[in-house]
Amino acid sequence: MATKEQEITQIGHSVTIKGDISGKSDVRVAGNVNGSITIEGELIVERQGVVEAEIKTTTAVIAGTVKGNIDVSEKLILESSSQFVGNIKTKQLIIQEGAIFQGNCQMGLRQSSSQQQAAPTPKKETNLL
């Protein structure tokens, strides 16, 4: 997903981060992250990666372990080696055979707040006799 202008931040297998990660780049995690991840880009958690965090991202591919809720505006892929415990909110979800997912999932189209406000409210019918 990274373009020529977009960076890729890599967290190596021997690295542990305790805190928040945010930005406008793709992030690849092979180590450990404990905190929150908020990025405009792609999150990749490799097989040996362990993430305990609240996550908000554009797309995500999980091959390792994730504990926490994830909000993905486009597509989330749980690969066969993944272990995911938490709630998922996404537009599109792909779960490969062998993946472990424990939690709830909310999928579908997202509405902007202006679309939600513009939606017509059903009218009550009144019977006058």
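Please treat every number below as a calculation from the coordinates, not as lab data. Predicted model, so just to flag it, every value in this text is computed and none were measured. Here Cβ is always computed from backbone atoms with ideal geometry, including for glycine, and neighbour counts include all displayed protein chains.
Summary of values
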read-out	value
The range 8-101 - convex hull of the alpha-carbon atoms, volume per residue in Å³	65
Under Karplus coefficients 6.51, -1.76 and 1.60, residue-wise ³J(HN,Hα) of the range 87-97 in Hz, glycine/proline x	9, 10, 10, 7, 7, 9, 10, 10, 10, 7, 4
Total formal charge among the other residues, if their Cβ is under 11 angstrom from that of ALA30, Lys/Arg +1 and Asp/Glu -1	+1
Total charge dipole magnitude, the range 8-101, about the Cα centre, Cβ charges on Lys, Arg, Asp, Glu only, Debye to nearest 20	80
Ranked by how many other beta carbons lie within 10 Å on average, peptides 74-87, 91-104 from highest	74-87, 91-104
